[in-house]
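To start, the structure under review is shown below, and the notes come after it.
The values are calculated or read from the model by the stated rules, or taken from the named source; none is laboratory data. Quick caveat, the model's predicted, so the values are computed rather than measured. As a convention, Cβ positions derive from the backbone with ideal geometry for all residues, glycine included, and neighbour counts pool all protein chains shown. All accessible areas refer to the heavy atoms of the entire protein, side chains included, with ligands and DNA or RNA removed. Shrake-Rupley method; radii C 1.70, N 1.55, O 1.52, S 1.80 Å.
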Amino acid sequence: MHPAFTVEPWSVRETYLDLDMLAACESVFALSNGHIGLRANLDEGEPFGLPGTYLNSFYEFRPLPHAEAGYGDPESSQTIVNVTNGKIIRLLVDDEPFDVRYGKLLAHERELDLRAGVLRRCAEWRSPAGASVRVKSTRLVSLVQRSAAAILYEVEPLDGPVRLVIQSELVANEAGGPTQEDPRAAAAMQAPLQSEDFCERDARVILAHSTRRSGLLMAAGMDHVVEGPDGMETVSESGPDVGRVTIATELAPGERLRVIKFLAYGWSSQRSLPAVRDQVVAALTQARHTGWQGLLDDQRAYLDEFWNCADVELEGDTELQQAIRFALFHTLQAGARAEQRAIAAKGLTGPGYDGHTFWDTERFVLPVLTYTAPKAAADALRWRHATLDLARERAAQLGLRGAAFPWRTIRGQESSGYWPAGTAAFHVAADIADAVARYQAAVEDEEFECEVGIELLVETARLWRSLGHHDEGGRFRIDGVTGPDEYSAIADNNVYTNLTAQKNLRAAADAVARHPRHAGALGDDLEDAASWRSAAHDIVIPRDEALGVHPQSEGFTSHQRWDFDRTKPDQYPLLLHFPYFDLYRKQVVKQADLVLALHWRGDAFSDEEKARDFAYYESLTVRDSSLSACTQAVIAAEVGHLDLAYDYFGEAARLDLDDLEHNTRDGVHIASLAGAWLAAVAGFGGMRDHDGNLTFSPRLPARLERLTFRILFRGRRLKVALDRDEATYTLLDGPPLLITHHGDPVEIPADAALTKPIPAAPVRAAPTQPTGRKPARRKSYSATR
């Protein structure tokens, strides 16, 4: 754990500035609302790790060359753009620029307040000439006013009068950080924005730019309210890539200069320059009308409502208490106001993965949002629906029916240049369908089902029906596809893919039966539904009878096992040190694949099958992906390995706070953070929602004393409180609810709590992990430091 971080239940606090950790902390402290993302760069702009200001889905094209091009290979990719930076507020004290690398930094603290939704900073600095000042700032990206952000910046002298100059800036095409050799890092782009317009008036500046190749148009604006002693002078100026408001004054001891900086952003692929510029002007006017305190109050009210529906309380480990709230906060930030835009793998916290969204949005993030912030989940699925035409085009290009959604994308086109791990990973279609079915079962949103859900289910079912085939024995096979494990590719009958496709086919058939008129408008009828049900019934689920386990895909358990004993610790992640050819033909698992099926299609396995499968794949899984630990935690808890589940829970929850993969600098791992909630709620809470039925089989590890969580379900707000002996279910809102507790159907009354005993966990031999890949043993942490 970074020693500058303290452990607090509702904050992440950095008690001193470590320049070696600057880039990672910029990600950890980043603020977003799903539309605007501000990395936590220092107010003065320098030094920085990676500068970053992002607008959801605002991208530039870049070439995607192929040494040997093949039919259907994408010719270009999309990369998120670091747009106009409005965070910069430079300070000069008696002509000396405030820079933490010069003079003497007497004190420095930053705090991400998870309840207020703000980033606070306090610094005390003595200039090389000996003048001392205290600088305080509070930064906010509004969860209520989608296009707005704001900064409160305050300066006061510490030991004598000072002359101050503040330069508040908008800067486009700012220089970026160092490039990375790691292929997961973002592709660097030089000066992606070209000026379209700039203007200033009083303390307001507007800059407008467009991208050179994708043709997207954006505008950024700033306005100010300045409070200070009489005699201040303010000057505004603007140019193609820089806008600046300069404030000059003198402060005596006891006086303070207070600047409120309002920011607004807007972009469009279709609207005119005047329309986008006017949108920014309107957003600035609204933010200024609301005022700084109003923005703070609205932010707190928004988050109070969220935490009332989503909070997870842990007793016995204050580190994990902090971590899971941090995880939920960033998960919410990633999608709260995305409003029919994608939720990227890094959210809007950094340039990692070029700002792309992947299948893990639907598999890991949307289940959390469905039960805590359902509108955000629906908006993310509406974005998928908006890209259906592109997915249909891609399917037709591949010779398939239905919709083939991209492996990685920003706008909706496939942006992966490596087809074995991209195009062949068709399971993304089933992940989307699963998210649709889950949202509909949990929210019962008929308007969504008719406008969005049915078409997504139908088009993905068409894809599976054309991708698979019935063999001579009447079995429905899906051959030549890639499952979630990225150390395997182009396999036949991947179990996860087939089981999720089976669920997809059945869900589509059920939707057609419920809404025949809407299905008919899409060209489907009950005969098509019967064909889907037939394929689902006949689908192949491989099993190795000799070993008594399910192979990840046909033949997988016959492959040579990877030589883990001869693999050095510094050779992980394997993809950076070994060729894919070698990985693909060995038994080595990058991330949970078959074990992922045990979670999301647990209804297809017996308890004994889950235990045997988990033990087998535990010995092969190296967790070179941040998507693995949370799933291993869930299944470890289910089959009775509670201490192991606790260790995996800690790894998933603290992945970014502890920078466990040494790449938090590129942005936080949204899916792993969402996975921390899954580890707690689906793992120790034992929550499952197969076919819309809410079931719980809770058990706590010895190192946790109590777990309490809240979810939203069918117009109800449910609180589940667990200790080691019993579970108590309480409806905070809504009518009585039928659930299942450890296999027994029970009804939670509307006016009283229901308490049920928790049976002991089954006793099984502890599974083993590959040499050197056992999760760190977690000790409960109950002290605040």
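Applying Stokes-Einstein at 25 °C and 0.890 mPa s to the Kirkwood radius of the chain, computed over alpha-carbon pairs, gives a translational diffusion coefficient of 90 µm² s⁻¹.
Count neighbours as other Cβ atoms within 10 Å of each site's Cβ, and list the GluC sites (Glu not before Pro) in segment 42-148 that are DSSP loop with at most 14 such neighbours.
Working: sites: GLU44, GLU60, GLU68, GLU75, GLU109, GLU111, GLU124; in loops: GLU44, GLU68, GLU75.
The qualifying sites are GLU68, GLU75.
The separation of segment 220-246 from segment 473-516, counted between C-alpha centres, amounts to 58 Å. Using alpha carbon centroids, what distance separates segment 317-388 and segment 717-760, in Å? Result: 28 Å between the Cα centres. Restricting segment 257-297 to trypsin sites (Lys or Arg not before Pro) that sit in a DSSP loop and have at most 14 other Cβ atoms within 10 Å of their own Cβ leaves ARG271.
Based on the alpha-carbon gyration tensor of segment 339-397 and its eigenvalue square roots a ≥ b ≥ c, which shape applies: rounded if a/c is under 1.5, prolate if not and a/b is larger than b/c, or oblate? Oblate, because a/c is 1.5 or more while a/b does not exceed b/c. Rounded to the nearest 20 debye, the dipole size of segment 231-294 about its Cα centre is 280 debye, using +1 on the Cβ of Lys and Arg and -1 on the Cβ of Asp and Glu.
Treat every Asp and Glu Cβ in segment 308-455 as -1 and every Lys and Arg Cβ as +1, leave all other atoms uncharged, and give the resulting dipole magnitude about the Cα centre to the nearest 20 debye.
With only Lys, Arg, Asp and Glu charged at Cβ, the dipole is about 680 debye.
Probe radius 1.4 Å, ligands and nucleic acids ignored: give me the carbon and sulfur share of the accessible area of the chain as a rounded percent. C and S atoms contribute 47 percent here.
So what is the relative contact order for the chain, in percent, with contacts set as C-alpha pairs under 8 Å and at least six apart? Numbers along the way, then the final one.
Values: 1848 pairs, mean separation 94.8, N = 785.
The value is 12 percent.
For the residue pairs LYS87/LYS346; LYS346/LYS375; LYS568/LYS610; LYS87/LYS136, the C-alpha atoms sit more than 23 angstrom apart in LYS568/LYS610.
Each stretch of four or more DSSP H residues adds -39500 (n - 2.57); spread over every residue of the chain, this sum gives -9000 deg cm²/dmol at 222 nm. Across the options GLY103, ALA429, ALA760, the greatest Cα extent toward the positive end of the charge dipole of the chain (unit charges at beta carbon of Lys, Arg, Asp, Glu) belongs to ALA760.
When the charge dipole of segment 262-376 is built from unit charges on Cβ atoms (+1 for Lys and Arg, -1 for Asp and Glu) and taken about the Cα centre, the candidate among ALA344, TYR371, SER272 whose Cα reaches farthest toward its positive end is SER272. ARG126 contributes an accessible area of around 90 Å² to the protein surface, as traced by a 1.4 Å probe with all chains present. In whole Å, what is the distance between the alpha-carbon centres of segment 47-71 and segment 552-614? Centre-to-centre (Cα) distance: 30 Å.
Eigenvalues of the alpha-carbon gyration tensor of segment 605-757, scaled by 5 and square-rooted, set the equivalent ellipsoid semi-axes at 29, 18, 14 angstrom, largest first. If you take the charge dipole of the chain about its Cα centre, with +1 on Lys and Arg Cβ and -1 on Asp and Glu Cβ, which of PHE5, PRO736, GLY453 is farthest toward its positive end? Projecting each Cα onto the dipole axis, the largest value belongs to PRO736. For segment 688-758, a simple Cβ point-charge model (Lys and Arg +1, Asp and Glu -1, everything else neutral) yields a dipole of about 280 debye relative to the Cα centre.
If you roll a 1.4 Å probe over the heavy atoms of the protein chains, what accessible area per residue do you get for the chain, in Å²?
Details: 28170 Å² over 785 residues.
The answer is 36 Å² per residue.
The GluC sites (Glu not before Pro) of segment 436-477 that meet both conditions, a loop assignment by DSSP and at most 15 other Cβ atoms within 10 Å of the site Cβ, are GLU444, GLU472.
Quick check: from the Cα gyration tensor, does segment 327-461 come out rounded (a/c under 1.5), prolate or oblate? The shape class here is oblate. How would segment 407-542 be classified by its alpha-carbon gyration tensor: rounded, prolate or oblate, with rounded meaning a/c under 1.5 and the a/b versus b/c comparison settling the rest? Oblate, since a/c reaches 1.5 and b/c is not below a/b.
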